[in-house]
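Have a look at the structure below before the remarks.
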Amino acid sequence: MTARSLSVSRASEIAPRDTEEDWLITSIWGRSAVGIVGGQPKSMKSWYGLEMAVSVATGTPCLGRFPVENPGPTLVYLAEDALPNVRDRIDGLCRRRNRRIDDLDLYVITEPVLRLDDESCRERLERTVDRFAPRLLLLDPLIRLHRLSENDSQEISGLLGHLRELQRRHDVSVVLVHHASKRPRANPGQSLRGSSDLHAWTDTTALLTRKEDRVLLTLEHRFAPAPAKLVLGLVTGDGGTGLAIQEDARVPGEDPDLPNAVLAALRKAGHPLRRGELRRQLRLNNHRLGETLHALEQAGRLSRGTEGWTLAEENRAKTSELFVTGTG
């Protein structure tokens, strides 16, 4: 029996991407995207995941700022929280939006155990997704969803591959909550604990880093620029508790003028500068400079070439404008 050839299309015949349908939550999470919310223990990862889920279910802005472009039902599983606590958190997030939990199109998986390395559990999860047709599926945390070695790329890639298939078959955004290492990294994905396949799998990585009583949110998207870092805090008001952007907050140890200093150094030089030269001029450690360069590159303010860093052509006239990361 002769095997059939693979399906092929001329490049021009492929339908162009509809940019209006790129986002589930503008700047926060892509439509039908897979990704990870990462962070160390007690960095409000579960709060952030539920904030997204309630926003999508209600059609209200995430964190009070980012519009939901594709609202609809959501499905969540929180393996480490007692069900009454899950209800209380969701109820508080609804109250902050002046919504009733009774009207909420959000569904909680109440199974005591869900193992994504078990074939029967995978089948039951898929049937549940097919039944409720959620826009967003939240699974929290990854470590409670399997008995595999997260450092073994062969083992973990099979689990991630199943979730990618689930996303494609059901047009659902999949949000995994996962732990991050204690070692700080300039790139959010590099902070995720376990195999590098975890970062390679993501369309979006959201890293939450605790800074005393507040949390710094750093986003990374595969197909879109990331917004500036945001400082979040857990607040209580309007009868509910949830995450909110701290407009006037400053992260301890961060210099709000550092991005401007980098831009000014490149403008004064008039030619590309390598990272080492910028470090010497600005007297910065490598980690702080790396985070600032990455943020400016993501924002379209800098370009990196073979000769070093330079001001992005389209933004040369804007280098005198204030650019502050960390406040959103």
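Only the coordinates and a few stated rules stand behind these numbers; no lab work does. Keep in mind that this is a model prediction, so the values were computed, not measured. Reconstructed Cβ throughout: ideal geometry from the backbone, glycine too, with neighbour counts over all protein chains shown.
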| remark: Highest GNM mean-square fluctuation among CYS121, CYS94, CYS62, for the chain with Cα springs under 10 Å, belongs to CYS121
| Top mean-square fluctuation among GLY64, GLY237, GLY30, Gaussian network model of the chain, C-alpha springs under 10 Å? | GLY237
| remark: So, relative contact order of segment 258-318 in percent, Cα under 8 Å, 6 or more apart, is 37 percent
| Taking only C-alpha pairs under 8 Å that are 6+ residues apart, what is the relative contact order of segment 19-245 in percent? | 28 percent
| task | Filter the DSSP H helices in the chain by two things, a Kyte-Doolittle mean of at least 0.5 and an axial alpha-carbon span of 30 angstrom or more, and list the hits by number. | result | none
| said: Run the numbers for ILE14 and PHE223: contour at 0.36 nm per residue of separation, minus the present Cα-Cα distance, in nm. | reply: 73.5 nm
| Among beta bridges that DSSP assigns inside the chain, antiparallel share in %, nearest 5 | 55 percent
| note | When the charge dipole of the chain is computed with +1 on Lys and Arg Cβ and -1 on Asp and Glu Cβ about the Cα centre, the Cα farthest towards its positive end, among GLN190, LEU75, CYS62, belongs to GLN190
| request: Have a look at THR292, SER12, ILE156 and report the one farthest towards the positive end of the charge dipole of the chain, computed about the Cα centre with Cβ charges (Lys/Arg +1, Asp/Glu -1). | output: THR292
| remark: Once phi for every residue in segment 63-70 is put through the Karplus expression 6.51 cos²θ - 1.76 cosθ + 1.60 (θ = phi - 60°), the whole-Hz ³J(HN,Hα) values, with Gly and Pro written as x, are 6, x, 9, 9, x, 8, 8, 9
| query | Among rounded, prolate and oblate, which fits segment 19-245 when a ≥ b ≥ c are the square roots of the eigenvalues of its C-alpha gyration tensor, a/c under 1.5 means rounded, and a/b larger than b/c means prolate? | reply | rounded
| query | Between ALA261 and ARG304, what is the spin-label point distance in nm, taking each point 7 Å from the Cα along the Cα→C-beta axis? | reply | 2.0 nm
| field | Interchain or long-range residues, amide H under 5 Å from ALA33's placed H | value | SER173, VAL174
| remark: Here the relative contact order (percent) of segment 136-239, from C-alpha pairs under 8 Å and at least 6 apart, is 21 percent
| field | Point-charge dipole on Cβ atoms (K/R +1, D/E -1) for the chain, about Cα centre, debye to 20 | value | 960 debye
| request: Mind checking the full-extension length gain between ASN85 and ASP130? Use 0.36 nm per residue of separation minus the Cα-Cα distance, one decimal, nm. | output: 13.5 nm
